[in-house]
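Take a look at the structure below.
The values are calculated or read from the model by the stated rules, or taken from the named source; none is laboratory data. Keep in mind that this is a model prediction, so the values were computed, not measured. Neighbour counts are summed over all protein chains in view; Cβ atoms, including those assigned to glycine, are modelled from backbone coordinates with ideal geometry. These area figures cover heavy atoms from the full protein model, side chains too; ligands, DNA and RNA do not enter into them. Shrake-Rupley method; radii C 1.70, N 1.55, O 1.52, S 1.80 Å.
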Amino acid sequence: MKYSYLSLFFILLSCFQFTTCFAQDKKIEDKVEALLAKMTLKEKIGQMNQLNGRMPSEKLYQQIRNGEVGSILNAENPELVNQLQKIAKEESTLGIPLVIARDVIHGFKTIFPIPLGQAASFDPEIVEIGSQIAAREAYEKGIRWTFAPMMDIARDSRWGRIAESFGEDTYLSEIMAVAMVKGFQGKDLSNPASIAACAKHFIAYGAAEGGRDYNLTNITQRQLRNFYLPPFEKAIREAGCATLMTSFNANDGIPASGNEFLLRTVLRKEWGFDGVVVTDYNSIRDMVRIGFSEDNKDAAMKAANAGVDMEMASGTYLQNMEALIAEGKVEQKTIDDAVRNILRLKYRLGLFENPYVNLKVKSSIYSENHLQAAKKAAEESFVLLKNKNNLLPLKNTIKTIAIIGPMADASHDQMGTWAFDGEKGMTQTPLKALQKQYGKDVKFIYEQGLAFSRDNNKTNFSKAIEVAKQADVVLLFLGEEAILSGEAHSLAEINLKGAQSQLLEELSKTRKPVVTMIMAGRALTIEKETALSDAVLYLWHPGTMGGPAVADILFGKAVPSGKLPITFPKYAGQIPVYYNHDKIGRPAKKTEILLNDIPLEAKQSSLGTTSYYLDAAFDNLFDFGYGLSYTTFEYSNLSLSTDVLSKSDILTVTVDLKNTGKFQANEVVQLYTSDLVGSIARPIKELKDFRRINLKPGESKKVAFKLPVSKLAFWNINNIQTVEPGKFTLMVGGNSYDVLQKDFTVAP
Ligand code: NOJ
């Protein structure tokens, strides 16, 4: 009896959790139907049209009046929002409010680290808080819909938008996507400070060939299922993400906005999505350029039939949909369903009751708790890559510090890509923060050396060297400007640009200890620079509070705990590099012959017989999950609750973690599995869980994980999602390669 009550409770709980995402509120559905019944075809098509409000004009106002616009993007001025809503509410026949959208990607005014940096924190809690804060600030200005989070799996740092991603791992991306959606949307979309999130870009946009933005992709259905789709599924089914954006690319020849299988079968039928599908900017029109559609009309037909509800910018629906209906090429029901999704979103957002911005509300923008959260997020995102002789944290015997480099005081660039509304005047840079927070105890001397990251002018090198010579330690801030990553900003070489590397080389000749800090939107190839530095701290683009975060980390008030969410190659030519690739027949060995080992006039042979480069060997610069601390952690006693399980079991895994160093710190304990044999080749290993554990010096904890066997499921040779019985290896450690491991078996 006791059990049945308990199980009833869990059944109800899981129904509740499920229904929070999908329960269609009957009242809302009734309202949607009632309104739909009143709408003309023109008005319906109008709802499916999203226009840019950046340069509002009389033409736009008139279109709103005519009921030709359902949503506006880029109207972030609250007075303008109110003006547009007033026209929609009071001057259009049906008074349907607009939904105002904006790219609020990693903060609105208070800028958080770029998403790639946030992923490095392995801390979904701070990610959720960050998007909550972004939503609150954006809501104040009338924004009710953000085009975030981006959850594209990204294995190629040449791709500029890797900055906006959560990196290469599917599981980490799922966790971070869910956290961000929850933060943006809150408990109820109609609450003040909640805004609709958007899962983007559906699908495989991050797999652009050669890392060139907008390029084609060729990811197989099974790879989509196993690697690329899961973050979207989780964002929708677990976090109730209200909207989804189709991507620019054609995958396997089919543009995302024309992919009926993915939009109707996977998204709507399999996942039960009842939110809005919006395209990316002009991407319906782009289907003509791709050669998938003859003209805009054909493109509009294909997108509507594939399941795109709302068109961003290109206006092909507005221009062609009436004719397409008249010609029987698009069914009336297709339009009705799309409009239902759009109206449902507007009701869920409470827009009908509450379309206007309250201009009198006390602003929370840049409030102290927002700034402190941004600082914490930045601290947690930093990854310590090298710390020779424990140079960091800086000792209090240090009296004079040289601050050098183009990124030390780069208030604009520190915000990173897609920080549309961020204000450089509010950014706290490392230079300013160090002077302010530690200037009483230490003498800081500053020389930029290079004016910006691409600068090749070495005129000021001598001054930088002079400054370094006077100091006990050099803090060198290198990296890339914000504009070198982000949309349409891909690179063929992902090295430090300009004369930055030479600057480091010159400084290292002074024999002063050098701490190199790198602000960047991607992984950079920094093998040489790492060797030349005593310590390397990777900062990503850390946002508004990057400076105070850096200052506290350098002086040991906070301890680095970030871990890499992407693999760092030594050379761009190694790309794509990612830890969870499928096993291959001839994996690399450390002992292979390299370029200079080959004798002259050697006869053609297979030399070594494994998969590696003659000039780059096989290994990466830094692997996924890697990141040092000021303290050290010891892992021991990995134990599994059993070594044979059935498919419905849950494996309990425990490991002892001890802080063996001198600092209280967080460690990200990572759990990986490897499916030894499958009906298809399986990944070398896959992250399945992680925990952030805080330990005092000398303290130990038993860290426990619950691993449901169902988490081992994958889309197999028959294209079904299942756990295949057999042997698995379970690994636990502080990164993806230095692990304790044990085998277990899943019984048939
Ligand atoms: C294009 C980008 O690809 C997308 O991510 C963004 O949300 C839209 N433009 C709107 O700005």
task = Give me a count of the residues in the range 23-63 that are open to solvent by less than 30 Å² (accessible area, probe 1.4 Å), touching a residue at least 60 places away in the same chain (Cβ under 8 Å) and not in a helix (DSSP H, G or I).
result = 5
query = Residues in the range 637-651 that are in a strand (DSSP E or B) and open to solvent by 40 Å² or more (accessible area, probe 1.4 Å): how many?
reply = 4
request  = For residues that are away from the ligand (no atom under 16 Å from the Cβ) and in a loop (DSSP other than H, G, I, E, B), tally how many sit in the range 70-97.
outcome  = 7
query = Picking from Glu168, Glu140, which residue would you name as being more than 14 Å from the ligand (Cβ to nearest atom) and either under 24 Å from Glu487 (Cα atoms) or open to solvent by less than 10 Å² (accessible area, probe 1.4 Å) (or both)?
reply = Glu168
Residues being of a type in the set (Asp, Glu) and either open to solvent by less than 60 Å² (accessible area, probe 1.4 Å) or within 21 Å of Asp413 (Cβ to Cβ) (or both) - total across the range 454-469 = 1
task = Please enumerate the residues belonging to the range 287-302 that are within 16 Å of the ligand (Cβ to nearest atom) and within 10 Å of Gly258 (Cβ to Cβ).
result = Met287, Ile290
ask   = Somewhere in the range 678-687, is a residue over 30 Å from Gln574 (Cβ atoms) and open to solvent by 30 Å² or more (accessible area, probe 1.4 Å)?
value = no
query = Would you pick out the residues in the range 174-191 that are more than 16 Å from the ligand (Cβ to nearest atom) and within 23 Å of Ala119 (Cβ to Cβ)?
reply = Glu174, Ile175, Met176, Val178, Ala179, Lys182, Gly183, Gln185, Gly186
remark   = Apart from one, (1) within 16 Å of the ligand (Cβ to nearest atom); (2) touching a Phe, Trp or Tyr at 6+ places or on another chain (Cβ under 7 Å); (3) not aromatic (Phe, Trp, Tyr) all hold for Thr110; the odd one out is (1)
ask   = Between residues in the range 730-741 that are more than 18 Å from Ala120 (Cα to Cα) and outside the structural domain of Phe122 (by TED's automatic domain parsing) and residues that are open to solvent by less than 60 Å² (accessible area, probe 1.4 Å) and part of a loop (DSSP other than H, G, I, E, B), which pairs lie under 7 Å by C-beta distance while being six or more apart or on different chains?
value = Met731/Lys685
request  = For the range 64-73, enumerate the residues that are open to solvent by 10 Å² or more (accessible area, probe 1.4 Å) and free of Cβ contacts under 8 Å to residues at least 40 places away in the same chain.
outcome  = Arg65, Asn66, Gly67
request  = Scan the range 104-125 residue by residue and report those that are within 21 Å of Leu189 (Cα to Cα) and either without any contact (Cβ under 8 Å) to a residue 12 or more places away in the chain or crowded, with 24+ Cβ neighbours inside 10 Å (or both).
outcome  = Val104, Ile105, His106, Gly107, Phe108
query = Do we have any residue at all in the range 580-596 that's open to solvent by less than 40 Å² (accessible area, probe 1.4 Å), under 30 Å from Ile553 (Cα atoms), touching a Phe, Trp or Tyr at 6+ places or on another chain (Cβ under 9 Å) and part of a loop (DSSP other than H, G, I, E, B)?
reply = no
message = If a residue must be of a type in the set (A, V, I, L, M), within 16 Å of the ligand (Cβ to nearest atom) and either assigned to a strand (DSSP E or B) or under 15 Å from Tyr281 (Cβ atoms) (or both), how many such residues does the range 234-265 contain?
response = 4
query = Hey, among the residues in the range 192-230 that are in contact (Cβ under 8 Å) with a residue 24 or more places away in the chain, open to solvent by 50 Å² or more (accessible area, probe 1.4 Å) and out of contact with any Ser or Thr (no Cβ under 6 Å at 6 or more places or on another chain), which one's farthest from the ligand (Cβ to nearest atom)?
reply = Arg222
note = In the range 150-190, anything part of a helix (DSSP H, G or I) and aromatic (Phe, Trp, Tyr) is listed as Tyr171, Phe184
note = Pairs returned, first residue in the range 253-282 that is over 19 Å from Gln721 (Cβ atoms), second residue that is of a type in the set (Lys, Arg) and away from the ligand (no atom under 16 Å from the Cβ), beta-carbon separation under 7 angstrom, 6 or more apart or interchain, are Gly258/Lys302; Asp274/Arg344
remark   = Scanning the range 365-383 residue by residue, those assigned to a loop (DSSP other than H, G, I, E, B) and buried (at least 24 other Cβ atoms within 10 Å of the Cβ) turn out to be Phe382
remark   = When the range 74-84 is checked residue by residue, the ones that are touching a helix residue (DSSP H, G or I) at 6+ places or on another chain (Cβ under 9 Å) and surrounded by 22 or more Cβ atoms within 10 Å (Cβ to Cβ) are Ala75, Leu84
Candidate set from the range 410-449 (those that are under 15 Å from Val474 (Cα atoms) and assigned to a loop (DSSP other than H, G, I, E, B)); member that is most open to solvent (accessible area, probe 1.4 Å) = Gln448
